Amino acid sequence: RSSDLTEARWFRLKSSTASIIHLYQKGEDKPECQIPEYIGRTELMAEDIDRGKVGLKILKAAISDEGMYRCHLETDTYFDAAEFELKVTALGSAPMIYLEGLHDKGADIVCQSTGWYPAPALVDKDGDGLGEKPVCKMTSHQEKGLFSVNYSCTVEKSRPFSCAFGTAFSSQERRASLYVPDLLVTPSSAWIPVTICLLILFAIAVAVVVGLWYLKTRVNNAKGDPETGRQKDKEGSELEELRSLINAEKKERDLEKKARDRK
């Protein structure tokens with residue numbers, strides 16, 4: 001019975017040291033005996049003490065809480081101790097799945113998720129059940145204690161694609177799906193005739209444009225530009241008038257010279 005419990009101690013075991021994380025004595029908690037990291041974060045759970053169960057709840061559990069612990073229980077007539085390992089898990093974000101690029105082997109699909117602990121594993125590689133599996137690789141890295149995972153695949157044919165992550169310590173998982181249409185994964189050999197036809201059409205279009213430009217230039221040169229013709233006519237009239245003035249001035253000088261010679 002809870003009234004018979006005289007003392008309950010929980011220790012955090014690190015290397016060769018054992019630090020008190022919670023102490024219950026004579027009907028009350030003793031927070032002054034706790035190490036600072038656990039003050040205000042532990043609660044005694046003695047509801048099932050009549051069945052021999054005394055638990056401890058750790059609030060706001062963090063990755064740093066993972067490790068080995070020891071429990072001491074004592075009554076007026078009984079003493080027992082046990083050790084156990086605490087495993088901490090963090091469920092990551094919903095996967096972000098997207099098309100990364102296209103190349104001659106198909107479409108590259110990427111699935112990413114962050115915030116996991118411990119490092120997640122791929123729950124299944126081909127949840128769509130379509131037989132042939134895509135070529136895939138998976139990488140992960142750790143930052144501030146949490147893991148991020150990147151799962152990339154090359155898909156060679158139209159198919160629904162899915163990825164799901166989970167850890168061995170939790171039944172929960174995160175999953176995302178994407179359908180890859182035929183247009184994105186048509187084999188490169190099928191595009192070769194299309195590419196050649198497009199290049200030929202482009203060359204013909206360029207040739208037609210250049211030919212039309214050349215023909216138009218020849219026609220314009222043959223007809224002459226009206227504005228240019230008027231400018232040339234104006235320049236010719238001015239030149240003719242200048243010649244007439246020069247000739248008149250020359251004749252006048254000749255007459256004056258003849259008049260002087262008679263005298």
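Overview of values
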quantity: Above-threshold pairs, the threshold being 28 Å between Cα atoms, out of LYS57/LYS144; LYS14/LYS53; LYS30/LYS87; LYS57/LYS137; LYS14/LYS57; calculated: LYS57/LYS137
quantity: Förster radius 30 Å - calculated FRET efficiency between PHE169 and GLU100, Cβ distance, rounded to 0.05; calculated: 0.45
quantity: Theoretical gain in end-to-end length, SER15 to HIS72 [0.36 nm per residue, Cα-Cα removed]; calculated: 18.6 nm
quantity: Gain on full stretching of the segment that runs from LEU242 to ASP29 - 0.36 nm per residue minus C-alpha separation; calculated: 64.2 nm
quantity: Theoretical FRET efficiency, 1/(1+(r/R0)^6), r = Cβ-Cβ of LYS87 and VAL135, R0 41 Å, to 0.05; calculated: 0.75
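We did not get these values from a lab; they are worked out from the coordinates using the rules stated. On a predicted model such as this, the values are computed, not experimentally measured, just so you know. Note: ideal-geometry Cβ built from the backbone for every residue, glycine included; neighbour counts use all protein chains shown.
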